[in-house]
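Visitor: Encoded as structure tokens, here's the structure I'll be asking about.
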Amino acid sequence: MLLLNYTANAQCSIITCSTPTYSFSMATTLGTSTFTGDCIVVSAGVVLTIAGNVNFSGTQVQMGTGSEIRIVAGGSLTITASDLYAPGDMWKGIEVEEDGAVTVSNSRINGAYVVIECHATVSSTSTAVTLTNNSCLLNNEIGVLLEAPNAGYISFLMEDTEIGAASLKNPLSGEPGDYGVLLIGSNVISGLASFQIGNTSPYTGSTTSNYIHDVAIGIRCYYANARVQNCRISNTLNSIYLPTATPIIETFTSGNIGILATSDNSSPNLERNLQVGLSVTGAGVYNNLIDNVVTDDFDGIIAASQVNTIILSNNINGGILSGGNYILRRGIQLLFPKSSHTVSNNWISDFDAFGIRMVDITTGTTEIENNMITRSNFPSGGESPYGISVNNATPTSSHAVTIEGNTIEKVQTGIFLRNHSNADIQANNMTYSKGGPGGTGHGALAENNSGLYIGDNYLESDCSTCSVNRIGMQVTDCPGVDIHGNYLYNTTVGTMISASAVNGNMNCNEFHDCRVGVGLDDIDVSVFGGFDFGVLEGGSTYYINNGTGIASDNSWYPTTTANRERHFGSTDVPDLNWRYRDLLSDLSTSAPEYDIPTGLTVPPLTDPAQFSAVLTNTTDPECGYLFRMSDLLPIEDALEYMEQAYANAGSMVDAPITASEYYRRWQFWQEVNSWEGLDALLSDDLTAYLNSIAASNIPIFQEIQDSIARSNYVYANALNSSITAESPVEEFLQTAYSIYLNQVNESGRFKLTAEDKSTLLAMAQSDPNEYGMGVHVAAAMLDTIFYNDYVLEEDIEFETRKFAASGISMFPNPVTSNLQVDLAGTNNGILTLYNISGGVMYTSSLESGVNNIDFTWLSEGMYLIKVRLDSGRDKQQLIIKN
């Protein structure tokens with residue numbers, strides 16, 4: 001989250017004067033004239049009419065209560081380095097009539113109802129409003145009001161201008177300003193020209209940007225087309241004073257909105273356009289900053305009632321109030337009924353309800369792509385945040401929806417889609433969890449979407465052993481659904497297919513550490529025959545087929561051996577080579593009982609003994625390589641995999657690096673370097689991603705790992721000492737390596753001191769979602785201490801060949817091929833191998849005595865082995881693979 005301190009783009013302190021050089025006590029018309037260094041007093045209620053070319057330069061103008069400056073056709077007013085202010089109650093402001101013009105440069109105006117109000121018709125030829133060069137409009141009810149059939153009839157430039165109105169003068173004392181900028185168009189006259197607020201540069205906080213703050217609504221478009229660029233809209237406020245009749249009938253009456261655009265559903269139903277951000281920017285660069293660190297229930301951008309939007313590369317964020325309450329309610333909200341939307345490459349952070357929300361849009365095209373939608377914490381209490389929600393009350397087949405390449409973190413529901421035909425959800429990266437009691441977390445939740453495609457998504461939850469309240473994908477009433485090539489990790493149910501009338505295909509998916517691979521809920525087997533989703537390798541789901549569809553190759557790595565033993569076949573990693581199991585003998589339903597609702601137990605299950613252990617798919621092509629790779633792949637396939645698995649990497653080059661993103665970068669670095677010459681074939685986006693990793697500490701950490709694997713501890717320690725950690729993830733990993741490498745000797749023995757013990761204990765109890773893989777390494781080092789008497793001593797010698805005094809021994813370590821695990825006595829158990837980030841690599845059952853485990857397939861590096869005995873005791877140990 002980017003939170004900037006309060007800064008003003010202009011020097012907004014009014015310079016007053018006390019000795020008038022000019023006084024206007026009655027209505028006066030000014031022809032061409034210049035006032036330089038003067039003190040002008042305009043009495044209460046007086047209208048000062050500008051009919052020629054008038055210049056205020058270095059001049060202070062006192063505006064009496066209810067007074068006004070009116071620029072008529074042919075007249076122009078230039079205000080330079082001057083101050084217009086109300087010493088008493090509010091004045092009306094500057095009205096620009098058709099074919100009049102006003103320019104404000106490096107000047108300050110306050111205390112008005114509307115600072116600049118301009119109206120034009122189709123007859124306008126030279127109406128112009130310009131604000132620039134450190135101008136400042138403070139404590140006015142409305143900063144700028146422009147009204148025209150469309151923007152083509154007013155020449156408008158606003159850059160390097162500050163507008164804010166935290167507290168108005170009498171008679172509106174204590175009220176905030178209504179609008180920073182109010183644009184009023186027409187629902188009768190068509191036209192595509194847009195008002196542009198801001199210049200064409202990206203937002204950097206420099207002196208060319210606009211700064212709108214402390215008003216109820218920053219920018220308001222009412223039947224008007226608008227483009228917004230190089231603006232910061234900040235700290236909008238709640239208000240009960242927004243207009244109900246003049247100048248507009250405000251329907252969003254509570255305020256606290258950054259940008260609000262509305263049209264109308266009534267005849268002639270003219271659509272309007274809002275563009276926030278002129279183009280997709282490069283890494284780390286934003287078109288606009290829309291934020292609030294003050295007022296709760298803030299909405300960033302809202303477009304409603306037939307407003308088309310293009311929203312590109314903006315930073316929309318909110319602060320966090322005491323108690324962890326997020327200020328930002330909805331980042332982007334797009335509402336009914338007809339409109340098209342492109343929402344791309346935005347960074348939306350720290351919201352409590354929706355990152356992007358769409359409601360009841362029935363026609364048009366929507367593309368939501370490559371956005372970073374994040375929260376600092378997983379939901380808790382009564383929170384139920386959605387990353388992206390596209391929700392219709394009634395079904396539509398006329399709204400084409402694509403949700404692709406987005407990164408969504410720490411929400412309850414990653415993507416929610418309801419009542420849209422032929423939509424695509426693909427290549428998104430999501431982490432999710434449940435919120436309060438009774439909540440259910442979903443990576444993707446789809447209801448009543450015929451022809452839905454869900455493909456190549458990464459969905460990760462925070463718990464696979466909790467009750468059934470974290471579901472990777474839940475698909476309900478979606479006939480013809482195609483679920484392909486998704487990777488689901490650490491969740492209680494990988495995919496749940498629900499409702500009684502569903503058909504489709506499900507193939508090439510991987511389920512890692514999911515207690516249940518695929519579940520069926522309220523499915524009528526007789527009508528489910530059109531759904532071909534094969535059997536997960538290891539049999540955690542069912543193959544139900546009436547002869548349609550294609551063979552399905554889904555793989556399942558369950559969280560527990562208990563699950564695996566209640567299903568068919570092996571799930572040991574070396575045996576999983578995109579194989580599938582055909583459990584059909586006579587087109588009857590055959591499925592393992594563990595994951596089946598009671599409605600699927602008839603007809604009785606076929607005896608699994610009649611089937612071979614594993615059937616290799618020889619009828620249909622293998623699945624794509626997706627998230628699992630092998631150095632045996634041809635480089636062309638590896639390139640295709642990289643382009644699919646890291647489709648949104650270009651947008652992540654300068655995005656915030658969370659713990660999961662850090663591991664993803666490390667994994668990308670390893671995979672690219674697994675193929676000689678692959679780096680030269682990458683797309684521009686992936687090349688930029690690779691270059692950003694190459695410039696980081698990740699290559700050094702990789703070299704440290706490789707050196708440890710080769711027992712080159714001195715060199716590894718020197719590398720580790722040379723690193724300047726750039727994040728908490730790196731600090732933890734560097735600390736863990738430092739403790740190990742400063743104590744280990746050439747034979748792999750080290751001493752753990754009391755000081756190091758305390759450090760590791762604090763690290764092991766930290767949140768891995770924040771501090772990354774160093775948490776797992778610290779936990780493993782603690783769990784593998786040699787306990788002489790089961791009491792920690794200040795200096796306890798540890799030998800990597802042995803577990804604790806528990807009847808378990810493991811050797812050799814480092815291991816080159818076979819690892820021997822010796823269980824003393826009559827103990828049996830389960831061995832699980834983890835990589836340094838905590839991901840499961842391999843599982844195997846163990847029997848009493850010596851067990852030989854073949855690790856020739858395992859890449860060089862450091863790993864964690866956990867052995868769980870039948871007695872329920874767990875023991876862990878780090879091993880090195882050479």
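Visitor: Can you name the residue in the range 455-488 that is within 16 Å of Asn419 (Cβ to Cβ) and of a type in the set (Val, Ile, Thr) and is also surrounded by the fewest Cβ atoms within 10 Å (Cβ to Cβ) among such residues?
Guide: So, considering only residues that are within 16 Å of Asn419 (Cβ to Cβ) and of a type in the set (Val, Ile, Thr), the one surrounded by the fewest Cβ atoms within 10 Å (Cβ to Cβ) is Thr476.
Visitor: Does Arg232 satisfy being assigned to a strand (DSSP E or B) and surrounded by fewer than 24 Cβ atoms within 10 Å (Cβ to Cβ)?
Guide: No, not satisfied.
Visitor: Looking for something touching a residue at least 12 places away in the same chain (Cβ under 8 Å), within 12 Å of Ala444 (Cα to Cα) and crowded, with 18+ Cβ neighbours inside 10 Å - is there at least one such residue anywhere in the range 394-402?
Guide: Scanning the range 394-402, I find no residue that is touching a residue at least 12 places away in the same chain (Cβ under 8 Å), within 12 Å of Ala444 (Cα to Cα) and crowded, with 18+ Cβ neighbours inside 10 Å, so the answer is no.
Visitor: Sort out for me the strands (runs of 3 or more DSSP E) sitting completely within the range 171-224 that have 3 or more residues that are not hydrophobic (A, V, I, L, M, F, W, C).
Guide: Ranges flagged: 177-184, 210-213, 215-222.
Visitor: If we keep just the residues of the range 120-136 that are under 41 Å from the mean Cα position of the chain (by Cα) and farther than 18 Å from Ser57 by Cβ, which is surrounded by the most Cβ atoms within 10 Å (Cβ to Cβ)?
Guide: Among residues in the range 120-136 that are under 41 Å from the mean Cα position of the chain (by Cα) and farther than 18 Å from Ser57 by Cβ, the one surrounded by the most Cβ atoms within 10 Å (Cβ to Cβ) is Val129.
Visitor: Separate question: Of everything in the range 345-366 that's under 23 Å from Asp291 (Cβ atoms) and among the polar types (S, T, N, Q), which residue is surrounded by the most Cβ atoms within 10 Å (Cβ to Cβ)?
Guide: Asn346
Visitor: Of the residues that make up the range 206-217, is at least one surrounded by 22 or more Cβ atoms within 10 Å (Cβ to Cβ), under 16 Å from Glu117 (Cα atoms) and acidic (Asp, Glu)?
Guide: No, the range 206-217 contains no residue that is surrounded by 22 or more Cβ atoms within 10 Å (Cβ to Cβ), under 16 Å from Glu117 (Cα atoms) and acidic (Asp, Glu).
Visitor: So which helices (runs of 4 or more DSSP H) are wholly in the range 666-756 and hold at least 1 residues that are free of Cβ contacts under 8 Å to residues at least 24 places away in the same chain, farther than 30 Å from Gly650 by Cα and in contact with a helix residue (DSSP H, G or I) (Cβ under 9 Å, 6 or more places away or on another chain)?
Guide: 698-709, 713-722, 728-743
Visitor: Which of (1) within 21 Å of Tyr740 (Cβ to Cβ); (2) modelled with pLDDT of 75 or more does Val821 not meet, given it meets every other one?
Guide: For Val821, the exception is condition (1).
Visitor: Which ones in the range 299-317 are without any contact (Cβ under 8 Å) to a residue 40 or more places away in the chain and over 15 Å from Val285 (Cα atoms)?
Guide: At the first step, the residues of the range 299-317 found to be without any contact (Cβ under 8 Å) to a residue 40 or more places away in the chain are 310-312, 314.
The one that is without any contact (Cβ under 8 Å) to a residue 40 or more places away in the chain and over 15 Å from Val285 (Cα atoms): Ile310.
Visitor: Condition first: among the aliphatic types (A, V, I, L, M) and closer than 25 Å to Asn287 by Cα. Now tell me which residues in the range 229-251 satisfy that.
Guide: Of everything in the range 229-251, those that are among the aliphatic types (A, V, I, L, M) and closer than 25 Å to Asn287 by Cα turn out to be Ile233, Leu237.
Visitor: While we're here: Kindly evaluate Ala501 against the criterion of being of a type outside the set (Ser, Thr, Tyr) and either assigned by TED's automatic domain parsing to the domain that holds Glu770 or at pLDDT 90 or above (or both).
Guide: No; evaluated as a whole, the condition is false for this residue.
Visitor: Having 2 or more residues that are touching a residue at least 60 places away in the same chain (Cβ under 8 Å) is the bar; report the strands (runs of 3 or more DSSP E) wholly within the range 72-163 that clear it.
Guide: Filter on the range 72-163 gives 83-85, 108-110, 135-138, 142-147.
Visitor: Any idea which of Glu369, Glu383 is crowded, with 18+ Cβ neighbours inside 10 Å, touching a strand residue (DSSP E or B) at 6+ places or on another chain (Cβ under 8 Å), of a type outside the set (Val, Ile, Thr) and at pLDDT below 90?
Guide: After ruling out the rest, the residue left standing is Glu383.
Visitor: Hey, any hits in the range 188-201 for a residue that's surrounded by fewer than 18 Cβ atoms within 10 Å (Cβ to Cβ), more than 29 Å from Asp296 (Cβ to Cβ), free of Cβ contacts under 8 Å to residues at least 24 places away in the same chain and within 31 Å of the chain's Cα centre (by Cα)?
Guide: No, there is no match, as no residue in the range 188-201 is surrounded by fewer than 18 Cβ atoms within 10 Å (Cβ to Cβ), more than 29 Å from Asp296 (Cβ to Cβ), free of Cβ contacts under 8 Å to residues at least 24 places away in the same chain and within 31 Å of the chain's Cα centre (by Cα).
Visitor: I've got another one for you. Since Gly861 meets every condition but one in (1) on the phi > 0 side of the Ramachandran plot; (2) buried (at least 17 other Cβ atoms within 10 Å of the Cβ); (3) modelled with pLDDT under 70, which condition does it not meet?
Guide: (3)
Visitor: Still on this structure, please answer the following. Taking the range 642-659 as the region of interest, how many residues are within 19 Å of Glu404 (Cα to Cα) and crowded, with 20+ Cβ neighbours inside 10 Å?
Guide: Counting residues in the range 642-659 that are within 19 Å of Glu404 (Cα to Cα) and crowded, with 20+ Cβ neighbours inside 10 Å gives 9.
The values are calculated or read from the model by the stated rules, or taken from the named source; none is laboratory data. Predicted model only: the values in this text are computed from it and were never measured. Heads up, the Cβs are rebuilt from the backbone with ideal geometry, glycines too, and the neighbour counts pull from every protein chain shown.
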